[in-house]
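I have placed the structure first, in the form of structure tokens, so that the comments after it can refer back to it.
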Amino acid sequence: MREMLRVYNTLTRQKEEFKPITEDKVLFYQCGPTVYWTQHIGNLRAMTMADLIRRSLQYLGYEVNFVRNYTDVGHLVSDQDEGEDKMDKGARAEGKTPAEIAQKYIDIFENDTKALNILEPTHKPRATEYIEKMQEMVSALLDKGFAYITPKAVYFDVSKAKNYTKLSGQKFEQNIVGAGSGDVSDPEKKHPADFALWFFKTGVHSNALQTWDSQWSASGKARGFPGWHIECSAMIKSLLGDTIDIHMGGVEHIPVHHTNEIAQSESVNGVPLSNYWLHNEHLTVNGGKMAKSQGTGFALSELTEKGCAPLALRYFFLQAHYRSKQNFTWESLDAAQTAYRRLQSVVAGLKSGQGNQGTSESEEKRQMYLAQFRDVLEDDFNIPQALAITWEVAKSNLMREDQLDLLMEFGQVLGLCLGEVLRVPREVEELVGQREEARKVGNYAEADRLREEIEKSGYTAKDTPEGPRVEKK
Ligand code: AMP
Ligand code: ZN
């Protein structure tokens, strides 16, 4: 049944036919958040983009094993091995332990992803749970001659990696992004681009809060903590295997984090880490990347406080392809909320019996929309086009049941919960009924009181010519 799915592979810089390792199954890994702070909506866009790809794959008939990790150790303030561990920084700032900080921000992240209707990953490992696996990989790299030890750290020797810059396409001789520099550079590093697999609890890291024993003794300081990149390599190997189908992350990971993951994993395993590398572009504000450091990192809670429904933000994200930048403004968010509400009310109307009887060409049209929807997903997951087709269906003169079925089917892929508007609790239905009765007999004070009660339960009752229509607030 399946036609050909084509995806853009950063590794080959072109769209390619997607062929999973095992037919109908997809092994999919996304680099997850560093849990030292509330993730901003740019981070959440990245999570939504992977969710849309996962839902599209499922719609196209694949079974997806999806892993997204939590980085709770080893990600230094700079991606280039400089500064202190972000988790330690967060812990010191809030007077908490790194474990408490991790739990606090994982909880916020999980609430936010749930509100955005992002599916739960199959596995969501924490880096600190994989220290032993990381150490095994570091040992293997040392044994095979890909790594060396200095008094400060165990480093990966990039000159030994096969085609180190293949993902980014940078020239090795040029100034490689990722090459460490500055005050904490280790003079015993052989090449500036060599990156840490394991830091010893010494020098700038003497006060590191999370450390583990290791077997590599340098200056008698064997305790330490893992580098950032090795965690993904170890978690992928443990949970998904030596080679996976899709590896995803933000575009900024191409020259450093993903390049280093490839170098480590492929040097240990001797096979490709991932057959397809997918990278999402950034959410921007005033033309620049949305970033906490720029003061532009809005949290989801800041949006909801201003009256934005989380799924209206999801709708906003649907309007740009994952490989395109998307610019955030309050006006465009508002417009997305209006459009989302309109789509919801089309579905609500159809559910309450409004709509067409259909015409003789109805079935032909239904098939056409289905084929178009599938085609755009198969073209590197073109979600903005899928949304456009959903709107064509909403405005079409298809037979009522067909129109509703298609909207529900497409809404499922887009994750818009279109059907949920009418899943109203029994108590609320009863209140709506009582309010109707009160209105009929002219008892408007009672009707208003009941309206308030309905609203307190999180719903609104709109009066339409067809009777009351209940919607979520
Ligand atoms: P971090 O917590 O910094 O490791 O980032 C978590 C994820 O969010 C990474 O996959 C980043 O690529 C992604 N990310 C960070 N900033 C943005 C942004 N402005 N737009 C989209 N994704 C972002
Ligand atoms: Zn990663």
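The values are calculated or read from the model by the stated rules, or taken from the named source; none is laboratory data. Everything quoted here is computed from the prediction, not taken from an experiment. Here Cβ is always computed from backbone atoms with ideal geometry, including for glycine, and neighbour counts include all displayed protein chains. Please note that ligands, DNA and RNA were not included when accessible areas were found on the heavy atoms of the full protein model with its side chains. Shrake-Rupley method; radii C 1.70, N 1.55, O 1.52, S 1.80 Å.
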Answer residue from the stretch 274-333, given it is among the hydroxyl-bearing types (Ser, Thr, Tyr) and surrounded by fewer than 20 Cβ atoms within 10 Å (Cβ to Cβ) and is farthest from ligand 1 (Cβ to nearest atom) among those: 304
State whether the residues of the stretch 227-234 include one that is of a type in the set (A, V, I, L, M, F, W, C), modelled with pLDDT of 95 or more and surrounded by fewer than 19 Cβ atoms within 10 Å (Cβ to Cβ). no
Residue check, residue 22 against (1) closer than 19 Å to residue 233 by Cα; (2) over 21 Å from the mean Cα position of the chain (by Cα), all met but one. Which one? (1)
Of all residues in the stretch 75-85, which are closer than 17 Å to residue 186 by Cα, outside any strand (DSSP E or B) and either within 16 Å of ligand 2 (Cβ to nearest atom) or hydroxyl-bearing (Ser, Thr, Tyr) (or both)? 78, 79, 80, 81
Flag for residue 102 being among the small types (Gly, Ala, Ser), under 24 Å from residue 281 (Cβ atoms) and modelled with pLDDT of 95 or more: no
Pick from the stretch 4-15 the residues that are in a strand (DSSP E or B) and open to solvent by less than 40 Å² (accessible area, probe 1.4 Å): which of them is nearest to residue 273 (Cα to Cα)? 9
Per the filter on the stretch 72-83, residues touching a helix residue (DSSP H, G or I) at 6+ places or on another chain (Cβ under 7 Å) and open to solvent by 30 Å² or more (accessible area, probe 1.4 Å) are 77, 79, 80
When the stretch 50-60 is checked residue by residue, the ones that are within 16 Å of ligand 1 (Cβ to nearest atom) and open to solvent by 10 Å² or more (accessible area, probe 1.4 Å) are 54
Does residue 27 satisfy being open to solvent by 30 Å² or more (accessible area, probe 1.4 Å), within 16 Å of ligand 2 (Cβ to nearest atom) and assigned to a strand (DSSP E or B)? yes
Pairs under 8 Å by beta carbon, first residue free of Cβ contacts under 8 Å to residues at least 40 places away in the same chain in the stretch 328-340, partner open to solvent by 70 Å² or more (accessible area, probe 1.4 Å) and not acidic (Asp, Glu), six or more apart or different chains? 330/306; 336/319
In the stretch 347-388, which residue that is open to solvent by less than 40 Å² (accessible area, probe 1.4 Å) and among the β-branched types (Val, Ile, Thr) is farthest from the chain's Cα centre (by Cα)? 347
So, residue 118, is that one open to solvent by less than 30 Å² (accessible area, probe 1.4 Å), at pLDDT 95 or above, out of contact with any Phe, Trp or Tyr (no Cβ under 9 Å at 6 or more places or on another chain) and under 26 Å from residue 301 (Cβ atoms) or not? yes
Could you say whether any residue in the stretch 122-135 is open to solvent by 30 Å² or more (accessible area, probe 1.4 Å), in a loop (DSSP other than H, G, I, E, B) and not hydrophobic (A, V, I, L, M, F, W, C)? yes
Quick check: anything in the stretch 25-46 away from ligand 1 (no atom under 14 Å from the Cβ), in contact with a helix residue (DSSP H, G or I) (Cβ under 7 Å, 6 or more places away or on another chain) and of a type outside the set (A, V, I, L, M, F, W, C)? no
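Here is a yes/no grid of residues against (1) modelled with pLDDT of 95 or more; (2) of a type in the set (Gly, Ala, Ser):
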| position | (1), (2) |
| --- | --- |
| 200 | no, no |
| 220 | no, yes |
| 244 | yes, no |
| 253 | yes, no |
| 264 | yes, no |
| 267 | yes, yes |
| 280 | yes, no |
Checked the stretch 30-71 for anything away from ligand 2 (no atom under 16 Å from the Cβ), outside any helix (DSSP H, G or I) and in contact with a strand residue (DSSP E or B) (Cβ under 7 Å, 6 or more places away or on another chain); matches are 38, 40, 62, 63, 64, 65
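Yes/no matrix, rows are residues, columns are (1) basic (Lys, Arg); (2) over 26 Å from residue 243 (Cβ atoms); (3) open to solvent by less than 60 Å² (accessible area, probe 1.4 Å); (4) modelled with pLDDT of 95 or more:
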position: 62; (1), (2), (3), (4): no, no, yes, yes
position: 67; (1), (2), (3), (4): no, no, yes, yes
position: 70; (1), (2), (3), (4): no, no, yes, yes
position: 89; (1), (2), (3), (4): yes, yes, no, no
position: 109; (1), (2), (3), (4): no, yes, yes, yes
